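Student: Before I ask anything, here is the structure I am working with.
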Amino acid sequence: MKVDVIVAPTFLKEDDLKGCLCAVIDVLRATSTIITALVSGVAEVRPCLTVDEAKKGVAKLPRDSYLLGGEDMGKNIPGSDLGNSPLEYMSEEVMRGKVIYSYTSNGTGAIRKAYAGCGRPVYVAALINVSAASATLVKAAAGAQGKGIAIVCAGRYGGPSTEDFFCAGMMVDRIARGLRKHGVETQLSDTASAASDIAAANRGNGLGVLTSSEHGRFLESIGFADDLIFASRIDLYSVVPIFDGERVVLLK
C-alpha cells in the first residue's frame, strides 16, 4: 500500500487522492484547534472555504447554539466569537453542545479540498493526536478500505510548512510500522520518505521545530507563543475527528 505526503493542497494533482484514505494536518493551528474544541464538548465543527460562508452559516442558527471562530491571515475574523488559538477552545462550559463555524487561512480549506479529492471521510490530525490518528488510518487500511494513504499538509499560504511536514513524518513512521504488523507491504513516496527523515532528525524536539518554523515565528510575533507550546505536545489526546463532507465530529 502506498503512503504519500502532500506538502500543501496546491501541490495536489487531479485524482491524486481518488480512492485514498486521507488525513489533513494543520499543526499551527486549525487541526489542533478543531481537536481541542471537540474534546471540550463541541457538537460539530463546520470548516468553511471563506469568511462569508462561515458568517452565512451561523446566521441560520439560534444565537446560543453556535460559535463563529477562526482567523484570516493570522488575525481574528471581525465579529467572531473566537480566534484560532486552541487555548480559546478548552472551556467545556463554553464549548459544550455548540456548533462551530470556522474559517482559517490554510486548514479549513485543506480539509474541504481533501474531501473533494478523495470523496470519502477525512481524518483530522495534529501532533496532539498523532498516534491515535495514525492508528485509525492503519486500522482502516488493514481492512482494505482504500488504495493508499495520503497525508495532506495544510501548509502556509499555498506553500509547505515545516511543522506540518514534521507531523506528517511522524505519522508515516507510525503508519508504516502498524501496517507491517498487519502484514501489509508499504511503499513510501519520495515526500513521505523525506517527511520521515525530518521527523527522525527532530525526534523529541517538537517545540523546537514549531518555534523555528516560519509560521511559528510569525505567531510568536503576534502574541501566540503559548499556542506553539500547546500544539507541540505529542499525543495529548487519543481522539480522532473525522470530516464527512459537511461537519467534523469525533470518530466513535
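Conditions (1) acidic (Asp, Glu); (2) in contact with a helix residue (DSSP H, G or I) (Cβ under 9 Å, 6 or more places away or on another chain); (3) within 17 Å of ILE25 (Cβ to Cβ), marked per residue:
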site: ALA154; (1), (2), (3): no, yes, yes
site: THR162; (1), (2), (3): no, yes, yes
site: CYS167; (1), (2), (3): no, yes, yes
site: VAL184; (1), (2), (3): no, yes, no
site: ALA195; (1), (2), (3): no, yes, yes
site: SER221; (1), (2), (3): no, no, no
site: ILE229; (1), (2), (3): no, yes, no
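Student: Taking segment 223-246 on its own, how many of its residues are more than 15 Å from the chain's Cα centre (by Cα) and among the β-branched types (Val, Ile, Thr)?
Tutor: 1
Student: Something else: Among the residues of segment 164-212, which ones are small (Gly, Ala, Ser), farther than 28 Å from ALA225 by Cα and modelled with pLDDT of 95 or more?
Tutor: Selection gives ALA176, GLY178, SER189, ALA192, SER193.
Student: So, one more: Restricting segment 152-198 to residues that are of a type in the set (Ser, Thr, Tyr) and under 17 Å from the mean Cα position of the chain (by Cα), which is farthest from THR10 (Cα to Cα)? Break it down stepwise before answering.
Tutor: Step one: filter segment 152-198 for residues of a type in the set (Ser, Thr, Tyr), giving 157, 161-162, 186, 189, 191, 193, 196.
Still in the running and under 17 Å from the mean Cα position of the chain (by Cα): 157, 161-162.
Working: TYR157: 9, SER161: 13, THR162: 16 Å.
The extreme case among them is THR162.
Student: Turning to a different aspect of this structure: Just to be sure before I move on: is GLU163 among the acidic types (Asp, Glu) and open to solvent by less than 30 Å² (accessible area, probe 1.4 Å) in the structure I sent?
Tutor: Values: among the acidic types (Asp, Glu): yes; open to solvent by less than 30 Å² (accessible area, probe 1.4 Å): yes.
Here the answer is yes, as GLU163 does meet what is asked.
Student: If you don't mind, there's one more thing I want to ask. Does segment 163-180 include one or more residues that are outside any helix (DSSP H, G or I) and without any contact (Cβ under 8 Å) to a residue 60 or more places away in the chain?
Tutor: No; the residues of segment 163-180 include none that is outside any helix (DSSP H, G or I) and without any contact (Cβ under 8 Å) to a residue 60 or more places away in the chain.
Student: Continuing with the same structure: Restricted to segment 215-232, and to residues that are part of a loop (DSSP other than H, G, I, E, B) and in contact with a Ser or Thr (Cβ under 9 Å, 6 or more places away or on another chain), which residue is surrounded by the most Cβ atoms within 10 Å (Cβ to Cβ)?
Tutor: Result: SER232.
Student: Could I ask something else about it? What residue, among those in segment 113-141 that are of a type in the set (Gly, Ala, Ser), out of contact with any Lys or Arg (no Cβ under 9 Å at 6 or more places or on another chain) and open to solvent by 10 Å² or more (accessible area, probe 1.4 Å), is farthest from ASP16 (Cα to Cα)?
Tutor: ALA132
Student: What do you reckon, is LEU12 in contact (Cβ under 8 Å) with a residue 12 or more places away in the chain and touching a Cys at 6+ places or on another chain (Cβ under 9 Å)?
Tutor: Taking the combined requirement at face value, the residue does not satisfy it.
Student: I'm told PRO62 meets every condition in (1) at pLDDT 95 or above; (2) open to solvent by less than 60 Å² (accessible area, probe 1.4 Å); (3) not aliphatic (A, V, I, L, M) except one. Can you identify the failing condition by its number?
Tutor: (2)
Student: Report whether or not GLY74 is small (Gly, Ala, Ser) and modelled with pLDDT under 95.
Tutor: Yes, satisfied.
The values are calculated or read from the model by the stated rules, or taken from the named source; none is laboratory data. Predicted, not measured: the structure shown is a model, and the values here were computed from it. Positions of Cβ are generated from backbone atoms using ideal geometry, with glycine treated the same way; all protein chains shown enter the neighbour counts. Calculation scope for accessible area: heavy atoms of the full protein, side chains included, ligands and nucleic acids excluded. Shrake-Rupley method; radii C 1.70, N 1.55, O 1.52, S 1.80 Å.
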